[in-house]
Amino acid sequence: MPATEEDAPSNEERLRAAIGPRADYYLRHWRAMDARGKSHDWNWAACFLNVFWFAYRKMWGPMIAMGLAYVVTSPLLDPTNRTLFKIVAVVLVGLSFLTGGYGNHLYRKQVARIVAETAGPDGDAANARAAARGGVSLAAALISVVGLAVLSALAGMIPALLGRG
């Protein structure tokens, strides 16, 4: 069913509820993406803080994927093996640029899914459901910092446990 003028305010409210803090930033960027006919746009936080940004924005799939990439590569970051170190560093930097380039796209898809799944006849209840499922989680971001550090340290011990270190 096509959106009507009456639906627009509730949809905007639900978008804002699903986004949470900085809704103006994301809505502005998504409108600019639409105006340029682009499906992606640069996001500095997604580039430099990718695992933690994904956790903060409750994007569990990308958070786990990037976290695993860091944990799996952490034992390979051995500065004594310059070639391997350079390859791993280039891969990790490349992944950071990938998340920076597609972070807004991934987040927009998540927000759209939340808005669609929380739709209902009662606008206030739908907005509350969207806010609960979306928004941000500072606790998840902090837990991801600790979790990534612990898992990377444990992964770094694997070569020593295997008698290679």
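The values are calculated or read from the model by the stated rules, or taken from the named source; none is laboratory data. Just so it is clear, the structure is predicted and the values come from calculations on it, not from any experiment. Cβ: placed from backbone, ideal geometry, glycine included. Neighbour counts: every protein chain shown.
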Of the conditions (1) in a helix (DSSP H, G or I); (2) surrounded by fewer than 17 Cβ atoms within 10 Å (Cβ to Cβ), LEU106 clears all except one; give me its number.
(2)
What pairs come out if I take residues in the range 39-61 that are closer than 20 Å to VAL71 by Cβ and pair them with residues that are part of a loop (DSSP other than H, G, I, E, B) whose C-beta lies under 9 Å away, six or more apart or interchain?
ALA46/ARG57; TRP53/ASN43; TRP53/MET59; ALA55/SER137; TYR56/LEU49; TYR56/VAL136; TYR56/SER137
When the range 118-141 is checked residue by residue, the ones that are within 10 Å of ALA18 (Cβ to Cβ) and either of a type in the set (D, E, K, R) or free of Cβ contacts under 8 Å to residues at least 12 places away in the same chain (or both) are ARG129, ALA132, ARG133
Please indicate, with yes or no, whether at least one residue in the range 117-134 is buried (at least 18 other Cβ atoms within 10 Å of the Cβ), under 13 Å from the mean Cα position of the chain (by Cα) and not acidic (Asp, Glu).
yes
Is there a residue being under 21 Å from GLU12 (Cβ atoms) and either assigned to a helix (DSSP H, G or I) or modelled with pLDDT of 95 or more (or both) anywhere in the range 65-81?
no
Taking the residues in the range 23-64 that are loosely packed, with under 14 Cβ neighbours inside 10 Å and within 29 Å of GLY147 (Cβ to Cβ) as candidates, determine which candidate is farthest from the chain's Cα centre (by Cα).
TYR25
One residue from LEU84, LEU142 being within 16 Å of ALA55 (Cβ to Cβ) and surrounded by fewer than 16 Cβ atoms within 10 Å (Cβ to Cβ)
LEU142
